[in-house]
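These notes are about the structure you will find just below.
The values are calculated or read from the model by the stated rules, or taken from the named source; none is laboratory data. Here the structure is a predicted model, which means the values were calculated and not measured. Please note: Cβ atoms are built from the backbone with ideal geometry, for glycine as well, and neighbour counts cover all protein chains shown.
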Amino acid sequence: MSSLEIKNLHVNIGDKPILKDFTLSVPKGEVHALMGPNGTGKSTLAKALAGHEDYEITGGDALLNGKSIVGMAPDEIARTGLFLAFQYPNEIPGVSIANFIRAALTARLEDGEELDAAQYYKTLYEKMDMLKIVRKFTARSVNEVFSCGEKKRCEILQMAMLKPEYAIMDETDSGLDIDALKAVAEGVNLLRSPERSSLIITHYQRLLDYIVPDRVHVLANGRIKRSGGKELALELEKSGYAAFAEAAA
Ligand code: ADP
Ligand code: MG
């Protein structure tokens with residue numbers, strides 16, 4: 001079955017092992033949540049999968065639809081179908097959102113193919129309306145002097161336009177007020193598709209009130225310590241991560 005499959009992955013930052021024998025599979029059509037205490041390696045997983053050079057995969061494998069992405073360059077991984085919504089999105093001064101997304105879409109076209117500008121803006125505006133992003137946003141530089149909520153909506157807008165087969169959202173809920181949280185969750189829910197595997201990384205259960213996951217996994221000490229249904233998130237909300245932190249010590 002086609003899916004995002006992570007098998008016995010080991011990831012180091014410098015000499016420091018962060019992920020140790022991490023195994024997780026997200027079948028097509030499912031939304032999984034990855035939860036865990038701060039500093040356990042959730043963002044490390046996301047960045048290693050996206051091909052960030054500081055995060056060295058020292059063992060194991062990561063497969064998209066059966067194809068290994070280990071060792072691929074970030075743009076190649078993106079073209080293979082993986083999209084990462086960052087926990088801390090970068091500012092790109094001088095590049096408007098409209099041009100940024102257009103360039104990302106154009107990069108995926110075959111040689112000689114062109115993006116239809118009218119159709120592009122029509123789709124862009126539809127998705128912006130869906131995410132409750134005001135039109136003047138398109139002309140603003142990517143993430144420059146954006147509020148936290150604006151940055152996160154911009155990440156989801158990119159996702160809505162690029163329609164990746166595999167989406168990883170790293171703490172898309174952090175720093176959001178309730179209206180922004182709902183708008184982002186609505187956007188993510190509209191992107192649920194039998195053709196897409198999504199992994200939602202979150203520290204708190206709150207986002208999962210709005211995006212109901214098929215499975216919940218708890219990361220501690222570099223690997224999945226427990227997996228369960230959506231009720232596991234509620235249990236964690238009550239008990240906290242202390243039990244897992246102790247097990248990890
Ligand atoms: P989480 O996202 O679960 O909060 P991270 O993956 O960001 O955790 O971090 C895991 C560990 O790796 C932490 O101890 C953190 O300090 C360390 N770490 C993360 N990124 C870097 C980096 N670029 N350089 C050095 N250490 C890092
Ligand atoms: Mg993180």
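Just a few scattered comments:
- Just one of (1) among the small types (Gly, Ala, Ser); (2) over 30 Å from Ala139 (Cβ atoms); (3) away from ligand 2 (no atom under 13 Å from the Cβ); (4) assigned to a helix (DSSP H, G or I) fails for Ala78. It is (2).
- Residue within the range 99-106 that is more than 30 Å from Ser3 (Cα to Cα) and not in a helix (DSSP H, G or I) present: no
- Selection of the range 9-37 for residues being surrounded by 17 or more Cβ atoms within 10 Å (Cβ to Cβ), within 16 Å of ligand 2 (Cβ to nearest atom) and either over 16 Å from Val216 (Cα atoms) or among the basic types (Lys, Arg) (or both) yields Val11, Ile18, Leu19.
- For the range 52-64, a residue qualifies if it is in contact (Cβ under 8 Å) with a residue 40 or more places away in the chain and either under 18 Å from Leu162 (Cα atoms) or within 13 Å of ligand 1 (Cβ to nearest atom) (or both), and the qualifying residues are Asp54, Tyr55, Glu56, Leu64.
- The range 191-210: number of residues that are away from ligand 1 (no atom under 16 Å from the Cβ) and in a strand (DSSP E or B): 2
- Meets criteria (more than 16 Å from ligand 1 (Cβ to nearest atom), farther than 24 Å from Pro17 by Cβ, modelled with pLDDT of 90 or more and surrounded by fewer than 17 Cβ atoms within 10 Å (Cβ to Cβ)) for Ala103: yes
- Counting only residues that are hydrophobic (A, V, I, L, M, F, W, C), crowded, with 16+ Cβ neighbours inside 10 Å and assigned to a helix (DSSP H, G or I), the range 132-152 holds 1 of them.
- Checklist (1) farther than 13 Å from Ala167 by Cα; (2) surrounded by 20 or more Cβ atoms within 10 Å (Cβ to Cβ); (3) within 16 Å of ligand 2 (Cβ to nearest atom); (4) not β-branched (Val, Ile, Thr) applied to Leu49, failing item: (1)
- For the range 154-174, a residue qualifies if it is over 19 Å from Ile97 (Cβ atoms) and within 16 Å of ligand 1 (Cβ to nearest atom), and the qualifying residues are Ile168, Asp170, Glu171, Asp173, Ser174.
- Candidates Gly59, Gly112: the one that is over 18 Å from the mean Cα position of the chain (by Cα) and either in a loop (DSSP other than H, G, I, E, B) or modelled with pLDDT under 90 (or both) is Gly112.
- Looking only at the range 23-49, and only at residues there that are more than 16 Å from Leu207 (Cβ to Cβ) and part of a strand (DSSP E or B), the one that is nearest to ligand 1 (Cβ to nearest atom): Leu24
- Residue within the range 225-232 that is closer than 21 Å to Ser3 by Cβ, surrounded by 20 or more Cβ atoms within 10 Å (Cβ to Cβ) and in contact with a Lys or Arg (Cβ under 9 Å, 6 or more places away or on another chain) present: yes
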